[in-house]
Amino acid sequence: MARRLSPILPFLALALAAAALASCGVPARPERPAWRTQRENACLAERRVRPSAYVQIANEMDGPGICGLTRPMKVTALQGGAVAFNATATLDCPMVATLEDWLADVVQPAAQARFGVAVAQIDSMGSYSCRGMNGQRGAPLSEHSFGNALDIGGFVLADGRRITLVHDWTRGDEQTRAFLMDVHAGSCKHFSTVLSPGSNAFHYNHIHVDLALHGRSGRSVCKPVPHEIAAPPDPALLANAASPARGAVEDDDSDTGEAPPRAAFEGGDTAMGAYGAPRRQ
Ligand SMILES: [Zn+2]
């Protein structure tokens, strides 16, 4: 006499088959960590940045891989148009807000004290770019991959004088070197990562600043260690301090057009992890 099959057996078989498919089928696409979008949204909700002719909110940039940002900002100038970018920068809201604070608290006071004029332009060498930290395949993703970083190649003062990291960090006159050290040291009070010339071989020509989360303790990276600098000159002497502008800084802002890094498809977001040896950001 044949035994009757239990009526639940077919359903059990279906459930097992579904579980097997889920475990060895196509893996789910890695997602950008939620904290990034949450931080962007909080920045906008708190109105830390207000859209203007110089700061415009674009559509979400989603991918390749986990690269991108929810509310990208296309920035042509800061401080209400007073400080231009050499090329449109694509940044997230927290970076734009922090750059505004940094200009007001660090850069402009230093420029006034050292040169008697304001900074009128930031020469960017890169903002959003889906790439690995060291530019090699398989490397962890840089904060640039999320619009959460900026590479600063130099500044142009309101009198037309151009200051570059590649020349003036070590070979500028005393006040120009001191200005760049002011900017470096002050950057470390505003950003969670600051890598300037001397931090490693990759940063010989720019200051990298970002707002990475370095673990839950919120520690920061500031390299090289800021050192003693010359006192500002007598303000009475500043009227004659301007010198002729030098040649244009290299302008290679934005993506390089190369293939996206493999880490973008592996969820290679290390910002919450340990921060290892110095490397290009
Ligand atoms: Zn960088």
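The values are calculated or read from the model by the stated rules, or taken from the named source; none is laboratory data. Every value quoted in this text rests on a predicted model; they were computed, and no experiment measured them. Reconstructed Cβ throughout: ideal geometry from the backbone, glycine too, with neighbour counts over all protein chains shown.
Of Ala212, Ala139, Ala178, all but one fail to be of a type in the set (Gly, Ala, Ser) and either over 20 Å from Arg32 (Cα atoms) or free of Cβ contacts under 8 Å to residues at least 24 places away in the same chain (or both); the exception is Ala178. Can Thr90 be described as within 16 Å of the ligand (Cβ to nearest atom), out of contact with any His (no Cβ under 8 Å at 6 or more places or on another chain) and in a strand (DSSP E or B)? When the stated conditions are applied, Thr90 passes them.
Of the residues making up segment 113-134, those that are within 16 Å of the ligand (Cβ to nearest atom) and either crowded, with 20+ Cβ neighbours inside 10 Å or of a type in the set (Lys, Arg) (or both) are Ile122, Asp123, Ser124, Met125, Gly126, Ser127, Tyr128, Ser129, Cys130, Arg131, Gly132, Met133.
From the list Val106, Val194, Val156, the one residue that fits, being assigned to a strand (DSSP E or B), of a type in the set (A, V, I, L, M, F, W, C) and within 19 Å of Val225 (Cβ to Cβ), is Val194. Report whether or not Val183 is part of a helix (DSSP H, G or I), within 16 Å of the ligand (Cβ to nearest atom) and modelled with pLDDT of 95 or more. Yes. Run Ala158 past the list (1) surrounded by fewer than 23 Cβ atoms within 10 Å (Cβ to Cβ); (2) within 16 Å of the ligand (Cβ to nearest atom); (3) touching a residue at least 40 places away in the same chain (Cβ under 8 Å); (4) more than 30 Å from Ala259 (Cα to Cα) and report the number of the one that doesn't hold. Only one criterion in (1) surrounded by fewer than 23 Cβ atoms within 10 Å (Cβ to Cβ); (2) within 16 Å of the ligand (Cβ to nearest atom); (3) touching a residue at least 40 places away in the same chain (Cβ under 8 Å); (4) more than 30 Å from Ala259 (Cα to Cα) is unmet by Ala158, namely (2). Considering (1) away from the ligand (no atom under 12 Å from the Cβ); (2) buried (at least 20 other Cβ atoms within 10 Å of the Cβ); (3) over 20 Å from Asp105 (Cα atoms); (4) of a type in the set (S, T, N, Q), the lone condition that Ser192 does not fulfil carries the number (3).
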